[in-house]
Amino acid sequence: MTAQHATPDAQAAAGRAAALRAEIARHDHAYYVLDAPTIPDAEYDRLFRELQALEAAYPELRTPDSPTQRVGGKPLAQFPPVRHRVPMLSIRTETDTGASGAETFDARVRRELGLKDGDPAVEYSAELKFDGLAISLRYEHGVLVQAATRGDGETGEDVSSNVRTLRAIPLRLHGPAPAVLEIRGEVYLRRDDFEALNRRQAEAGEKTFVNPRNAAAGSIRQLDPAIAARRPLSFFAYGLGETEGWAVPDTHAGVLDAIAACGLPVCEHRAVLQGAAELAAFHARIGALRDSLPFDIDGVVYKVNSLALQQRLGFVTREPRWAVAHKYPAQEAVTLLRDIEVQVGRTGALTPVARLEPVFVGGVTVTNATLHNQDEIDRKDVRIGDWVIVRRAGDVIPEVVAPVPERRTGELPRFDLLARFPTCPVCGSHVVRGEDEAVARCSGGLFCPAQRRQALLHFAGRRAMDIDGLGDKVVEQLVDNAIVKTPVDLYRLGILALAGLERMGEKSAQNLLAAIDKSRSTTLARFIFALGIRNVGEATARELARQFGKLDALMAADEVALQQVPDVGPIVARSIVDFFAEPHNCEVIAQLRAAGVHWLEGEPAVPAAGALQGRTFVLTGTLPTLTRDEAKALIEAQGGKVAGSVSKKTSYVIAGEDAGSKLAKAEALGVAILDEAGLRALVNENITNA
Ligand code: 5U1
């Protein structure tokens, strides 16, 4: 549609669409490039939807630089080749990670420029060496028309539809629109985005990535742009390709400033420096900063700042003589996995820890690395005796990211944490792992030294035994000085032991002793909560006390009986049974009672009688007439329980249309399956027979 034929409405729509495109681009730049959001997300979404609606009504307004066009296009069979008009050079690397790496480069530049000892220092532009994938962006008349990978430097691949999904990359340049401007830089993933992506991949049962670089490269080379759009990629520009009609600055630092003025992200960590000593100082300064950066770098880059001097220096075999990447120690290394042990955390979680042949990685010698949990070990298929890739990036603990399968010699058995550690290596209590849980735990919550501090703080808490004055600092000292091992020891404390603690005068010691003594008289609900049974919160503890009346009755209850209590499902019931199945815990409870901890015991509440009393149901799929809430209400009204997941303890699965994995699990476990009519019949039959 041309302007003279456009209706007034269409003209207004075109004006509004242009204004919206510009406004959205401004907000994208503020958010993704400047890291300074200018409007709330909801307002941004509103602008975006308004533009989408306009473009739906007037499809001719859908310009290539419209933000609505970032995600589009069908999956490709392959990426078309792109011939770079100016070759994409690579960079020479200086692997000497000390100051001499900078001196060697400067000496070479000076020699090649024919400079003598007394001549002035060479000026350099210094930047970071991002650990990602090199990309060339081609803007024609200000609009992004193509994005290509480096390939062999002469020919890369056209990855435009994937790169367009990066909102840090403007679809239209800010300011004047040169005929051609090619900008080169690195697509990368921030570490937090990488971790979140890997978490999502693992949850979805998809493969996870070894490091952010592989994830970035894999995402850009993803043939389906819709998948690439879900990968939170970032970009930093660092150089130029072809230009036409663009006033190229005289220095590289000037080029970077000009690129930033065009609206592209340029990393703030850059400097103009004179001579080798300043280069070495920059290398050291960034090295100290490396762990706290939000993204991986593998070195810094020095470039002769003057473009005229760069031209004089030229390049050899695809590497310019005017630039070098001065490396840091690698963040990944391959080493031998000698053994797997476990570490018991404050909550009793057992974390498998790899014992490694010592290896230098990320600037330190690493001998241990986390393997997270059994699921991760299974997913990565890591076995004792494997050669493994260890990664230490940022200030996170080193982790084993993958085995090197080609280096596996012979059959190695799979690692089974529960088989290897049936009991806690710290306290000997039995180790349990919930059906749907990734983490295995020590069940000796009251007894285990690894959990002591946490257990005592919880025990003394205001909503538990309410021991005033027994806070973090006191518990820390009592535990660290081995004065208190289990809660029982609290009731054996004397004034001398307490008064010896830091910042504890005689008066506070007396007050604390009085508070401990007062806590001897409590309620069953508080006592149950104070035990720190996993998944048993204050409300559940209250309900358990009400339903069972006596502690011994609760301790003797099986999972079926426990699940009669409102809000107690299979997971909570299992946690309670596991807790009391551990003799160490029962011993501590007996000792607490012997030390005078007491409460008023009552009679168990009479369970509501009903046709479905004692039976547990799981609902799945869509029932013909009952909503899920109605079905639940029907079951509960008759004394039945509705649980969220199927286990051997499930009495019936009520399946409707489009029933999913719960139905499959019920079939696998041999649990009875009913439809809605079956449920109604069951209710009627039981009411009639009652
Ligand atoms: N920061 C930065 N990274 N990097 C990588 N600059 C830079 N320059 C490069 C490469 C490959 O190449 C030019 C020196 C051609």
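Every number here is computed from the coordinates shown, using simple stated rules; none is lab data. Predicted model, so just to flag it, every value in this text is computed and none were measured. Heads up, the Cβs are rebuilt from the backbone with ideal geometry, glycines too, and the neighbour counts pull from every protein chain shown.
Rounded to the nearest 10 degrees, the angle from helix 191-203 to the longest Cα principal axis of the chain is 50 degrees.
Exposure proxy ranking for Asp480, Asp578, based on other Cβ atoms within 10 angstrom of each Cβ and starting from the fewest, stands as Asp480, Asp578. Could you let me know the centre-to-centre spacing of region 10-74 and region 239-284, using Cα atoms, in angstrom? Distance between centres, Cα-based: 30 Å. For the chain, the longest principal axis of the Cα atoms and the long axis of helix 252-261 meet at an angle of about 60 degrees.
The trypsin sites (Lys or Arg not before Pro) of region 173-225 that meet both conditions, a loop assignment by DSSP and at most 16 other Cβ atoms within 10 Å of the site Cβ, are Lys207, Arg221. Mind pulling the angle between the C-alpha long axis of helix 8-28 and the longest principal axis of the chain? Nearest 10 degrees, somewhere in 0 to 90. Rounded to the nearest ten degrees, it is 80. Pairs from the list Lys303/Lys327; Lys74/Lys207; Lys129/Lys303; Lys550/Lys632; Lys473/Lys507 with a Cα-Cα gap above 20 Å: Lys74/Lys207; Lys550/Lys632. If you take all other residues with their beta carbon under 12 Å from the beta carbon of Ala25, and give Lys and Arg +1 and Asp and Glu -1, the sum is +2.
Please report the spacing between the Cα centers of region 328-346 and region 168-211 in Å, no decimals. Value for the Cα centre distance between the two parts: 29 Å.
From helices alone, the chain scores -10500 deg cm²/dmol at 222 nm; the rule is -39500 (n - 2.57) for each run of n ≥ 4 DSSP H residues, then divide by the residue total.
The GluC sites (Glu not before Pro) of region 234-269 that meet both conditions, a loop assignment by DSSP and at most 11 other Cβ atoms within 10 Å of the site Cβ, are Glu268.
Once a ≥ b ≥ c are taken as the square roots of the eigenvalues of the Cα gyration tensor of region 93-326, is the result rounded (a/c under 1.5), prolate (a/b larger than b/c) or oblate (a/b not larger than b/c)? Note, shape of region 93-326 comes out oblate. Annotation: cysteines of the chain without a disulfide-compatible partner (Cβ-Cβ under 4.7 angstrom) are Cys262, Cys267, Cys586.
By the gyration tensor of its Cα atoms, with a ≥ b ≥ c the square roots of the eigenvalues, what is the shape of region 447-501: rounded for a/c under 1.5, prolate for a/b over b/c, or oblate? Oblate. Here the peptides 593-599, 49-55 are ranked by packing, the mean other Cβ count within 10 Å, and the order with the highest first is 49-55, 593-599. Taking packing as the residue-averaged number of other Cβ atoms within 10 angstrom, the listed peptides 223-235, 357-369 run from highest to lowest as 223-235, 357-369. Each peptide in 158-171, 526-539 gets a packing score, the mean of other Cβ atoms within 10 Å over its residues, and the list from highest to lowest is 158-171, 526-539. Ranked by how many other Cβ atoms sit within 10 Å of their own Cβ, fewest first, the residues Leu513, Leu279 fall in the order Leu513, Leu279. Net charge of the neighbourhood of Pro320, taken over other residues with C-beta under 11 Å away and scored Lys/Arg +1, Asp/Glu -1, is +3.
Which shape class, rounded, prolate or oblate, goes with region 613-667 when its Cα gyration tensor gives a ≥ b ≥ c as root eigenvalues, a/c under 1.5 marks rounded, and past that a/b bigger than b/c marks prolate? It comes out oblate by the Cα gyration axes. As a proxy for reagent exposure, Ser647, Ser519 were ordered by neighbouring Cβ count within 10 angstrom, fewest first; the result is Ser647, Ser519.
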